Amino acid sequence: MTVAVRSTWRRWLSVGAVCAGLVVGLALGGELVVRVFFPQEHLPPGIFVSDPNLGYRVARNYEGEHVTRTFTVPLRTNSLGLRDREYGPPGPDTLRIYFLGDSFIFGNRVPLEDTVTKVLERQLAGRLGSRTVEVVNGGMPGYSTVQELKFFEETVDRLQPGVVLLALCIGNDIWDNLLYVERNVIDGGGGSWRGGGGGWRARLTLLLKHSDFYLLIRRTFNAIFRGSEVEVRHQDRPAARIPDGLRLTEQAVLDMARGAWRRGAQFAVLLIPVQDRIIALDTQRDLNDRFRTFAEQHDIPVYDLRDHMPAEGESELYYTVHWTPRGHAVVADAVEGFLARNRFLDGGAAAAP
């Protein structure tokens, strides 16, 4: 290699190093500016850990805060990884309800005492008088129904509930179940990237999701250039896959119901509606009706919350996606009425065979 060629390579390497330094500097500077002045909403790093069975889980005995420009919410979990207090065996006159679901039940954005589980607990305690009422928050952000079933099987014998409630959003969960079963933890499927699991794509996803700078750029791009395409993404997924996803969802629900019944607990499903711009109402109604037909065949009580939620404007009940404290209170009121009508509060509803 001649002196001239070596000199040219050195110049290009120098230019490349300078450019790389500028890119890194701009990225770090952008991250600092966004974190200080335009912090993005995401659950704090460390709340999720990798799990070989579930893909990921909420960390046990976690203490932290969910902080944004508009709110600060304490996040604490118990030894099971539940966003709740510790529970021993239930007393002889205790009504213990295990309320499972995803981030709606977990209570994204709201303090624990304002979640549907704790509002329902207070309301039922007032209704039942001398009986002790415990409503356990079994919400796991991002979980599919298959993951919820596995988590239920891990925890139910520790909690020994008399009633098990499962909250579903069929239009969302069928895709989560397909993703979890088909990809599982190989490349971050089923959300395993949240706990650092999966392959290199999962690890890259985790790194990017922890960057406020990246989240701002991505959300701005989506809002400007993709708009309604992002909002109706559930409608655009292949219709041919819906039966497969629905079967996975139904089987997971049936297995959970049978697990509850074997233990002498009552079981019911609550169907969660989301805003029309996320999943079209016609799509929600169709999927819910299909699921209700399945549930009736297996004697699984189902309550569709869409019959209760439209009583107020969406802005009163929802943040961008999840429920406001008012939304949690409205749902708790609806669930209390459902439990009372179906005799879940007095032991009168017999467990199915």
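The values are calculated or read from the model by the stated rules, or taken from the named source; none is laboratory data. This is a predicted model, so every value here is computed, not measured. Every residue, glycine as well, gets a Cβ built from its backbone with ideal geometry; the counts of neighbours run over all protein chains shown. Only protein heavy atoms, including side chains, enter the accessible area calculation; ligands, DNA and RNA are left aside. Shrake-Rupley method; radii C 1.70, N 1.55, O 1.52, S 1.80 Å.
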Please list the non-local residues whose amide H lies under 5 Å from the amide H of R96, H modeled 1.01 Å from N, same-chain partners needing a gap of 5 or more.
-> E134, G162, V163
To the nearest 10 Å², what's D289's accessible area with a 1.4 Å probe?
-> 70
What net charge do the residues around L248 carry, taking every other residue with its C-beta under 14 Å from that of L248, with Lys and Arg at +1 and Asp and Glu at -1?
-> -2
Per-residue accessible area, 1.4 Å probe, largest first, puts S192, S211, S130 in the order S130, S211, S192
Rough spin-label spacing in nm, given labels placed 7 Å along Cα→Cβ, for D346 and T70 | 4.3
Tell me, Kirkwood radius of the stretch 111-186 from alpha-carbon pair distances, in Å?
-> 14.4
Enclosed volume per residue, in Å³, of the convex hull spanned by Cα atoms of the stretch 82-132 | 79
Subtracting the Cα-Cα distance from 0.36 nm times the residue separation, let me have the gained length for E154 to T132 in nm, one decimal.
-> 5.5 nm
Would you rank L112, L120 by solvent-accessible area, highest first, keeping every protein chain in place and using a 1.4 Å probe?
-> L112, L120
How many percent of the accessible area of the stretch 141-180 is carbon or sulfur, using a 1.4 Å probe?
-> 49
Semi-axes of the equivalent ellipsoid of the stretch 54-139: what are they in whole Å, largest first, if each equals the square root of 5 times a C-alpha gyration tensor eigenvalue?
-> 24, 16, 11
With every protein chain left in place, what is the accessible area of D286 in Å² (1.4 Å probe, nearest 10)?
-> 70
Where the eigenvalues come from the Cα gyration tensor of the stretch 32-179, what are the semi-axes √(5λ) of the equivalent ellipsoid, largest first, in whole Å?
-> 27, 19, 14
Which of K118, K150 is most accessible, then next, and so on - probe 1.4 Å = K150, K118
Once all protein chains are kept in place, W175 shows an accessible area at probe 1.4 Å, nearest 10 Å², of 30
